[in-house]
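Q: Below: one structure in structure tokens.
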Amino acid sequence: MSLSVDVYVPRAEGGIEVLDVPPESSDVAGWERWRTEVWGSEPVRSLGARFFPRLATEDLTVAPDEVSDFLAECDLLRTHLARIADHMTAEAEAGAGTGSRKSHAEHADDVSRRLDNIVNAARRALGIGGGVIIW
């Protein structure tokens with residue numbers, strides 16, 4: 001099972017409306033195990049990330065007024081991709097992670113591509129006054 005990233009708009013009567021993913025976009029935000037192994041991992045938490053680590057215990061809902069801060073956090077993680085990939089490689093080599101043994105570069109590329117999808121959704125949300133949900 002995999003995590004999905006979607007854009008939503010708040011409904012006037014309460015609740016949210018999740019929007020369709022545009023054909024040229026992807027909603028893949030990582031594997032379910034990435035909740036703890038990547039997004040909620042120690043390297044991500046140690047960067048001071050406040051959004052992504054929530055995925056370790058719950059779905060992540062980013063309110064419309066938080067999307068700019070969320071995009072900044074995405075940039076922070078991208079700046080530290082090597083550190084996150086180091087962690088993923090070490091976990092796989094130790095047999096602690098459930099993922100396959102990939103090279104450091106493959107791990108960094110996997111995270112980068114998922115961040116691309118997340119950033120794309122966040123930019124779409126920002127453009128319409130919506131929020132982001134990763135579930």
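Q: For the range 1-111, which fully contained strands (runs of 3 or more DSSP E) count at least 1 residues that are farther than 14 Å from W135 by Cβ and free of Cβ contacts under 8 Å to residues at least 40 places away in the same chain?
A: Working: elements: 2-10, 16-18, 28-31, 60-62.
Fully inside the range 1-111 and qualifying: 16-18.
Q: Taking interchain pairs and intrachain pairs at least six residues apart, which have beta carbon atoms under 7 angstrom, with the first residue in the range 120-132 and under 17 Å from G15 (Cα atoms) and the second of a type in the set (S, T, Y)?
A: Going by the 7 Å Cβ cut-off, the qualifying pairs are G130/Y8; G131/Y8; G131/T61.
Q: Quickly run through the range 1-22 and pick out the residues that are of a type in the set (A, V, I, L, M, F, W, C) and at pLDDT 95 or above.
A: Initially, the range 1-22 is screened for residues of a type in the set (A, V, I, L, M, F, W, C), giving 1, 3, 5, 7, 9, 12, 16, 18-19, 21.
Residues satisfying the conditions are L3, V5, V7, V9, I16, V18, L19, V21.
Q: Only one of (1) outside any strand (DSSP E or B); (2) within 15 Å of the chain's Cα centre (by Cα); (3) surrounded by 14 or more Cβ atoms within 10 Å (Cβ to Cβ) fails for L126. Which number is that?
A: The failed condition is (2).
Q: Shifting gears a bit: Within the range 31-71, how many residues are touching a Ser or Thr at 6+ places or on another chain (Cβ under 9 Å), within 19 Å of D110 (Cβ to Cβ) and of a type in the set (D, E, K, R)?
A: 4
The values are calculated or read from the model by the stated rules, or taken from the named source; none is laboratory data. Here the structure is a predicted model, which means the values were calculated and not measured. As a convention, Cβ positions derive from the backbone with ideal geometry for all residues, glycine included, and neighbour counts pool all protein chains shown.
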